[in-house]
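To keep things clear, I will list the structure first and then write my remarks on it.
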Amino acid sequence: MKRRTALHVIAAGVVAEGSVLPQHDHRPASVAAPTDGKLRFFSRAQDELLDRLTEMIIPADDHSPGAHAAQVSRFIDNMVAYSAKEVQEQWTAGLEQVDAEARRRLEKAFLQCAPGQQEQILAAMAAGEPEPKTPLEHFFVRLKLITVDGYYTSSIGIHRELQYKGNAVLSEFPGCHHPEHE
């Protein structure tokens, strides 16, 4: 299964099950990425790391732009900025753990690693996704879920990736006309 196909399935599950975003009382009315370019919680260095990680989870392809173009890292920044202190600490620690893992494996920060090395680190983080045991595996699960939420609630995710055209009244329901389904 292609990564994009898997993400479509995950996005459908997110919509069916409700939001996977942290629940808190101080969420702003709009949780979209801020348009003023200012970070609300993360430092520039943390945002660069977060942007790279989210783009690796939902990369650009022939069909549509990825998480970078959808400004998913800024969406996450906005969400975390309005989250409880405990959630903020989890995100800060998670990003530190990503760099610590890169330093442990390759003796350099994650963003200084070659793309193939970054892929190896992300794959190791994702390996425990079904049943995360380490703090880094737990962070990956949190990161992936909010990346999917941020991407598929962005204009790029909704309109370009999912090709949502808006609500339309149908006078009839023509059904599927694919030969393999008839």
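Throughout, read-outs are computed from the coordinates displayed, never taken from laboratory work. Treat the numbers as computed from the prediction; the structure is a model and nothing was measured. Here the Cβ is made from the backbone with ideal geometry for all residues, glycine too, and neighbour counts use every protein chain on show.
List of remarks:
- Ordering of 103-109, 170-176, 56-62 by packing [mean C-beta count within 10 Å, highest first]: 56-62, 103-109, 170-176
- Within straight-line cross-link reach of residue 38, lysines at Cα separation under 26 Å, skipping those fewer than 8 residues along the same chain: 85, 144
- Using a simple spin-label model with pseudo-atoms 7 Å out from Cα toward Cβ, residue 88 and residue 43 lie 1.5 nm apart.
- Inter-site label distance for residue 108 and residue 62 at 7 Å from Cα along Cβ, in nm: 3.3
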